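Working notes, beginning with the structure itself.
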Amino acid sequence: MRTLLLAWRYLTYHRALAFILVICLTISMFLPLCVNLMVDYYERDLIERSQATPLLIGARGNRYDLVLKSLYFTAEQPETIAWSEVEMVLDSGRGIPIPLHVRYSAQGQPVAGTSPEYFEFRGLSPKDGTLPLMLGDAVLGAGVARKLSLKVGDYLLTDQASLYDLASVYPLKMKVVGILNDTHTPDDHAVFVDYKTTWVIEGIGHGHTDLAAADRSVILKREEKNVVGNAAVLEYAEITRDNINEFHFHGDWANFPLTSVIVLPESVKSATLVKSQINASKTIQMLVPLEVIEELLGVVFRVKRFFDANFLLVAIATALFMVLVVMLSLRIRQREMETMFRIGCSRMTIFWLQVSELAIILLISAGLAGILSNGVLVFAPDVLRTMSH
Amino acid sequence: MDMIRLDNLHFRYPRDTFSLRIPGLAIEKKEKVAFIGPSGCGKTTLANLIAGIYRPNAGTIMVNDFNVSELSDRRCRDFRISNIGFIFQEFELVEYLNVHENILLPFLVNRSLVLNSRIRNEAATLADSVGLGDKLRRRPGKLSQGERQRLAICRALITRPPIIIADEPTGNLDPANTGLIMQLILEQVEEREATFLMVSHDHSLLVDFDQVVDVHELASGSEP
């Protein structure tokens, strides 16, 4: 205890020296710890979500983009597939298809168009309000609600794809009908709408005044079964209970786009059959997200090994730096040590005094590195999400 | 009965040409002895030999019935803790400890000494007696030269050693402080009935000493 007291007194007297040592050691302990924690968290996060998603159908192309977009609502926009692919799975009776259309954003947050089965599949429930009940309704992930300070009853606009494209569809004003509970998954950072709403955002569906009953000034021509309006016909930029019946979709429903379809197979056998059926196609592919993510993590771990080697070198450099500091300290304190020896202090006690000083510095540094690492654990989800966007 | 007795002492620093030969020296209990002589004649070396810091190459050193030249390192340390109090020219205070802790330093660095509230109070009383009672929480850096040496004296006295060794204790003090410090040391030595050995260049300080040993003469008398 007396040795510790002396060591503590020395360190508090030489605060600047102790502070620099603590900072150096804290950084050299925290960095590898932080990288390991982040990689562990990243791995767990990716694995958990991909494990929970048995099969995924999407367009042929970059498998990573398809999985990342469908599971994490990130990465580049993948190619689309047709609604008929959903119907094919439905008709086969081998699994439940959950459509996903993730191509647009609202106030910077990804808009995920899906069906009610998605919420049940991911275990999402509203903290406030309800799930999307009708066209134009939006349900916010907890993170989005916090970030945009939105509550049930508020509105949010979709982002315009191109400001310079005059022919592009106007942003859609969506009503917030619900806010989901926190899940600490990418679902917290998405805006959920019915998949048909994303088709409205895309311009496949729209609503305008009934031309049959419209003013003559907006009519170009009337035919037996067709009325043609001019550019003065205004399209609705918001879907309400009053105008919802005016909304309609143009084209063949079977060709309407989706970015992917999550498939929940009935059994392992069903999964195998659906996979072989889908993968026979030249335009679409069926993936097992876990396999793709494990492949991706293989790359991450190769990079991590490089970091580990770097950290080893940093650790050696820090250890040498500490040795240098101790040696210089011993030289500077030679007279102090000699005085202690003369008044009866053993060489071993002097040695333990030095060890205690180092131990205190190491303990404080380890404690600080631990606290910072705890902070990393708390903020890792947000940090990783921010990095991935 | 001699407190300190040296017989046929020979000491040589390793890797150095300097050597010290003392044919014999006896110092009685409570005696005040000054070691004088030119620089480099071996005054401090002789004091360190008596304190057991250096080991002689030949001869015997008996101090308070201990044959210092034959003690093991551990026993020599124990001997020093219980028998010797040091006062240095450069004070050698520990800058990161306050006045109270500096006085208690022998107790802080020696496990064999019990540090309790009685000792703490004794340290405070000792500081009070040398005029440092209101500066117990101060660091040595905040003290004057005279105060620093008084603090060093307190540290030498706290273990109540029967022998006090002072190596040029006034070497770093101005004339006014020199007189005061010498007076203080001699008062404390007499009060504690200790044997006092002082290494000094200053012949004006030797009036109150019982024995003055010119180490150069003593050593040269033994040369073959």
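Some notes on this structure:
- Of all residues making up region A:1-37, the number that are touching a helix residue (DSSP H, G or I) at 6+ places or on another chain (Cβ under 6 Å) and either more than 14 Å from every other protein chain (Cβ to nearest Cβ) or among the β-branched types (Val, Ile, Thr) (or both): 13
- Contact annotation: residue pairs with Cβ atoms under 6 Å, 6 or more positions apart or on different chains, pairing a residue in region A:1-12 that is crowded, with 17+ Cβ neighbours inside 10 Å with a partner that is of a type in the set (Gly, Ala, Ser), are A:THR3/A:SER356; A:ALA7/A:SER356; A:LEU11/A:ALA18.
- Among residues of region B:94-121, those that are at pLDDT below 90, β-branched (Val, Ile, Thr) and surrounded by fewer than 20 Cβ atoms within 10 Å (Cβ to Cβ), counted: 1
- Residues satisfying the stated conditions in region B:83-108, i.e. of a type in the set (Val, Ile, Thr) and within 7 Å of chain A (Cβ to nearest Cβ): B:VAL94
Quick grid of which residues meet (1) within 19 Å of B:PRO106 (Cα to Cα); (2) free of Cβ contacts under 8 Å to residues at least 60 places away in the same chain:
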| site | (1), (2) |
| --- | --- |
| B:LEU143 | no, yes |
| B:GLN149 | yes, no |
| B:MET182 | no, yes |
| B:ILE185 | yes, no |
| B:THR195 | no, no |
| B:MET198 | no, no |
| B:SER204 | no, yes |
| B:ASP214 | no, no |
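- Residues of region B:122-153 that are exposed (fewer than 13 other Cβ atoms within 10 Å of the Cβ) and part of a helix (DSSP H, G or I): B:THR125, B:ASP134, B:GLY141, B:LYS142.
- Helices (runs of 4 or more DSSP H) within region A:254-342 that include 2 or more residues among the acidic types (Asp, Glu) and within 14 Å of chain B (Cβ to nearest Cβ): A:334-342
Table: residues versus (1) out of contact with any helix residue (DSSP H, G or I) (no Cβ under 9 Å at 6 or more places or on another chain); (2) surrounded by fewer than 17 Cβ atoms within 10 Å (Cβ to Cβ).
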residue: A:GLU48; (1), (2): yes, yes
residue: A:ARG63; (1), (2): no, no
residue: A:GLN77; (1), (2): no, yes
residue: A:VAL86; (1), (2): yes, no
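- Conditions (1) at pLDDT below 90; (2) surrounded by fewer than 21 Cβ atoms within 10 Å (Cβ to Cβ); number of the one not met by B:PHE88: (2)
Every residue, every condition in (1) small (Gly, Ala, Ser); (2) within 13 Å of another protein chain (Cβ to nearest Cβ), yes or no:
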| site | (1), (2) |
| --- | --- |
| B:ASN110 | no, yes |
| B:ARG118 | no, no |
| B:VAL130 | no, no |
| B:GLY146 | yes, no |
| B:CYS154 | no, yes |
| B:LEU157 | no, yes |
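- For B:SER112, the criteria (1) in a loop (DSSP other than H, G, I, E, B); (2) in contact (Cβ under 8 Å) with a residue 12 or more places away in the chain; (3) in contact with a Phe, Trp or Tyr (Cβ under 9 Å, 6 or more places away or on another chain); (4) not basic (Lys, Arg) hold in every case but one, which is (3).
The values are calculated or read from the model by the stated rules, or taken from the named source; none is laboratory data. Since the structure is predicted, the reported quantities are computational estimates derived from the model, not experimental observations. Positions of Cβ are backbone-derived with ideal geometry, glycine not excepted, and every protein chain shown enters the neighbour counts.
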